[in-house]
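Heads up, the thing below is written out as structure tokens.
The values are calculated or read from the model by the stated rules, or taken from the named source; none is laboratory data. Here the structure is a predicted model, which means the values were calculated and not measured. Cβ sites come from the backbone with ideal geometry, for glycine too, and all protein chains shown count toward neighbours. The accessibility values were calculated without ligands, DNA or RNA, using every heavy atom of the protein model including side chains. Shrake-Rupley method; radii C 1.70, N 1.55, O 1.52, S 1.80 Å.
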Protein chains: 2
Amino acid sequence: MIGNLLQPELVELIEKRDFAQLREILCNFDPPDIAEIFTDLKPGDEAVLLRILPRQTAAQVFEYLSLSDQEQLVQALGNEQVAQILNDLAPDDRTALLEELPATVTQKLLNLLSPKERKIASELLGYPKDSIGRRMTPEYVAIQHSWTAGDVLAHLRKVGRERESFNQLYVVDDKGRLVDSVRLRNLVLAELNTPASELFDHQSPALRATDDQETAVAAFKKYDRTILPVVDSNDVLVGVITVDDVLDVAEQEATEDIQKLGGMEALDAPYLKIGMLSMIQKRAGWLAILFVGEMLTATAMGYFQDEIAKAVVLALFVPLIISSGGNSGSQATSLIIRALAVRDITLADWWRVIRRELVAGLALGCVLAAIALVRILLWPNKEKVYGQHYLLVAATVACSLIGVVLFGSLAGSMLPFLLRRLGFDPAAASAPFVATLVDVTGLVIYFSIAYQILHGTLL
Amino acid sequence: MIGNLLQPELVELIEKRDFAQLREILCNFDPPDIAEIFTDLKPGDEAVLLRILPRQTAAQVFEYLSLSDQEQLVQALGNEQVAQILNDLAPDDRTALLEELPATVTQKLLNLLSPKERKIASELLGYPKDSIGRRMTPEYVAIQHSWTAGDVLAHLRKVGRERESFNQLYVVDDKGRLVDSVRLRNLVLAELNTPASELFDHQSPALRATDDQETAVAAFKKYDRTILPVVDSNDVLVGVITVDDVLDVAEQEATEDIQKLGGMEALDAPYLKIGMLSMIQKRAGWLAILFVGEMLTATAMGYFQDEIAKAVVLALFVPLIISSGGNSGSQATSLIIRALAVRDITLADWWRVIRRELVAGLALGCVLAAIALVRILLWPNKEKVYGQHYLLVAATVACSLIGVVLFGSLAGSMLPFLLRRLGFDPAAASAPFVATLVDVTGLVIYFSIAYQILHGTLL
């Protein structure tokens, strides 16, 4: 927004090379707002502006940019300035950037870091992709068991400036294992000579560095904290993770799930930023797979070709019946995928889900069957449109709808369970995937019921 | 998990009325874990356990329960205990609960509150549903412009204990308007005699109480804060909102969007908790609307009945073609709805989106058309299955696929824009809704192209 308003003015100043004026304008804004201004500029212009900002501000602005913008900037900037910015970035933000870049670029950038920062970056990068270890920062504050509140505050004044967050301070034993924690809040409220041990939380929920990021989202929701400690497999404190990073994770996971549900690969970049070719690739893959699956409908229809030739009226209801199955499957699969993602249900609940979907599917099927019966039986010239056996046709459509909707609900709800059980992401059971599955089965259900009911009359 | 393990033991103790033992077991756990144990119990048993917990612990456990559990408990508990718990709840959690209950129950509960707490609750409830005002807490700490860091810390020791969060302290002028803010972090790091004004942030991004909660999610992501101030239309500071509440909002909004995308009303309750009847209602409404819309396919097919009778082979490809349109529409609509929700795009971007979808839709249509051509032309007994004019049939199918996929991508991407422009929630443009729209249009496209290409041969 701000960017759009300022853009013509800024672009003009960049062309005029009026850096003094540019710097003055930009320094009137806060880093998040400068970042917003940047996103509306061309990558080359962004690099120019970043170079003229004061070093600390530049690093802060960089932190607020999206990963894809950061990537473009790294390529447009000189080595020296990249090194400066990388060294000033918070470790967790640096990891997120390095992770995004091609491996060769990452290696090159790691070499630009100071030895101390490189050590932190490589350590963080050693954890599996999408693990908590990648998102944590090693900049926590550890305190001694024997200190008073005053000692802790004095220690903070000494080391705190370099730490990203110390809302929570941690007590470790001589092996570095996490023992307890103190809230900064309680330290501030206490008299200075209070022993810190009196202020301990006596409860230190900790995350494992190798666990998936989604675990962190669930833990922050459960414990209502702004910061949580991260330990390795020996309970040794290795870092902390803050809630603002987790907010990003939660949004990102939801975006990926929504895109997969829509029947494509997750884009991993904002819609307007991703290259046209890679967007088409990410969509074409699944679309082609679904298309090949859907070809089975042509095969199934071909199998019933004689029936269709004898009773063309049957063909009229094909889209209606298979799409109803697809819609009910889409509802069921969206419900279950989200419930699994936010941990409302677990794998063990599959039996309870089947029972619920059995009832819901039957009820929904009956609702649609009733609507179809009303529509066919109350149609003004029903005998002309549906032929003399319109009653039998109506019965065929109604029974098929109940069968197809029931099958859709069951298939849509069980597929995410099956995928997770097999070790896949349940969100891969997209609505279109379920619809394709139900389309083919729906045709078989429809024509089998038609054969039973209409045998001897229309067929 | 813990609940499942302990459940038999706890249920036995409840039946034996061994309250001393129960209390001892529960007091070994932290409030979040007790809340987890509670969710696996029957509502009556939950009420029993809540009664035997120490008063403060009971309020904490209650805070960690889901809204639907809280609602059941309120109905199972006596007035006196409800009043105690309500008075001990944080204002924002209390508002969330009161908002969830039927209006008459809310009125009754408001009467149970102490006059001071009732005033806070009614004030918060005065803001529109889903507004930031409903989620904020009025328990912020305001400081004077002239104080030193030491003065502020002394003030905190006096009033801080009652405040939910003081990671950020606020400076207001004599009319109560927000002027500036100080981070607790900087206060703690400063020497005690530093004037607080030297520590001011000089940037106070503030939220409006009447704005939608989604604005808060976006602001927390932009500013990386754990707490943000909330002001009224005169810039008067009325409260603060914390990031942990916003994490809940972000998850809840994503869940609603996913459920709407799946083609149903948002459930507003966990899958296994919601009553069967209300779940069926929330699903049946949209399913019936979609079904009535999809009936237009039968009408459209009826219109082309003569063509189908002449060339049954056309009917074979109906499901394949319309589902391809539905799938591409589903991809486009999921992409755009999520991009609008996380503000990657705004209404003003509609023209850029159309251009992208035009290219993407054409490319995706060509991919599917190529697959279809290969399949039809390389099929072993193609002349037997598709008749002597299989080349013309193949051309019809290929051209229809390009048209339908292009239309699906454009309709799927533009519908969310149209809905938001008309003031509706763009997520109402569910994948099944788009599919239904594309199904009907797809049939018209298919049979029109068939008529053009096959006129004089098959038709």
Qualifying residues in the stretch A:125-140 (those that are small (Gly, Ala, Ser) and open to solvent by less than 60 Å² (accessible area, probe 1.4 Å)) - the one farthest from A:LEU184 (Cα to Cα): A:SER131
Looking only at residues in the stretch A:33-66 that are of a type in the set (Gly, Ala, Ser) and open to solvent by 10 Å² or more (accessible area, probe 1.4 Å), which one is modelled with the highest pLDDT? A:SER66
Does the stretch B:306-325 hold any residues that are in a helix (DSSP H, G or I) and within 7 Å of chain A (Cβ to nearest Cβ), and which are they? B:ILE308, B:ALA309, B:VAL312, B:ALA315, B:LEU316, B:VAL318, B:PRO319, B:LEU320, B:ILE322, B:SER323, B:SER324
Taking the stretch B:175-231 as the search range and keeping residues that are of a type in the set (Phe, Trp, Tyr) and over 21 Å from the mean Cα position of the chain (by Cα), which one is farthest from B:LEU153 (Cα to Cα)? B:TYR223
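Conditions tested, residue by residue: (1) within 12 Å of chain A (Cβ to nearest Cβ); (2) farther than 19 Å from B:LEU261 by Cβ; (3) basic (Lys, Arg).
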residue	(1), (2), (3)
B:ILE345	yes, no, no
B:TRP350	yes, yes, no
B:ILE354	no, yes, no
B:GLU357	yes, no, no
B:ILE371	yes, yes, no
B:ALA395	no, yes, no
B:CYS399	no, yes, no
B:ALA411	no, no, no
Output the number of the condition that A:GLY78 fails; it satisfies all remaining conditions of (1) open to solvent by 30 Å² or more (accessible area, probe 1.4 Å); (2) touching a residue at least 12 places away in the same chain (Cβ under 8 Å); (3) among the small types (Gly, Ala, Ser). (2)
For the stretch A:333-351, which residues satisfy the criterion of being without any contact (Cβ under 8 Å) to a residue 12 or more places away in the chain and surrounded by fewer than 18 Cβ atoms within 10 Å (Cβ to Cβ)? A:THR346, A:ALA348, A:ASP349, A:TRP351
Taking the stretch A:293-305 as the region of interest, how many residues are more than 7 Å from chain B (Cβ to nearest Cβ) and assigned to a helix (DSSP H, G or I)? 5
Would you pick out the residues in the stretch B:141-174 that are open to solvent by 10 Å² or more (accessible area, probe 1.4 Å), away from every other protein chain (no Cβ under 14 Å) and within 36 Å of the chain's Cα centre (by Cα)? B:ALA142, B:VAL172
Starting from residues that are in a helix (DSSP H, G or I) and polar (S, T, N, Q), keep the ones in the stretch A:432-459 and report whichever is most open to solvent (accessible area, probe 1.4 Å). A:GLN452
Flag if A:LYS310 is more than 21 Å from the chain's Cα centre (by Cα), touching a residue at least 12 places away in the same chain (Cβ under 8 Å), over 23 Å from A:PRO138 (Cα atoms) and surrounded by fewer than 17 Cβ atoms within 10 Å (Cβ to Cβ): yes
Quick check: anything in the stretch B:352-368 closer than 16 Å to A:MET295 by Cα, surrounded by fewer than 24 Cβ atoms within 10 Å (Cβ to Cβ) and under 39 Å from the mean Cα position of the chain (by Cα)? yes
When you scan the stretch A:192-204, how many residues do you find that are out of contact with any Lys or Arg (no Cβ under 8 Å at 6 or more places or on another chain) and at pLDDT below 85? 4
Mind telling me which of the residues A:ASP30, A:ASP69, A:ASP18 ends up being open to solvent by 10 Å² or more (accessible area, probe 1.4 Å) and within 14 Å of chain B (Cβ to nearest Cβ)? A:ASP30
Between B:ILE321, B:ILE371, which is hydrophobic (A, V, I, L, M, F, W, C) and touching a residue at least 60 places away in the same chain (Cβ under 8 Å)? B:ILE321
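Residue by residue, here is whether (1) farther than 23 Å from B:GLN70 by Cβ; (2) among the acidic types (Asp, Glu) holds:
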{"position": "B:ARG17", "(1), (2)": "yes, no"}
{"position": "B:LEU26", "(1), (2)": "no, no"}
{"position": "B:ASP33", "(1), (2)": "no, yes"}
{"position": "B:ILE37", "(1), (2)": "no, no"}
{"position": "B:LEU41", "(1), (2)": "no, no"}
{"position": "B:ARG51", "(1), (2)": "no, no"}
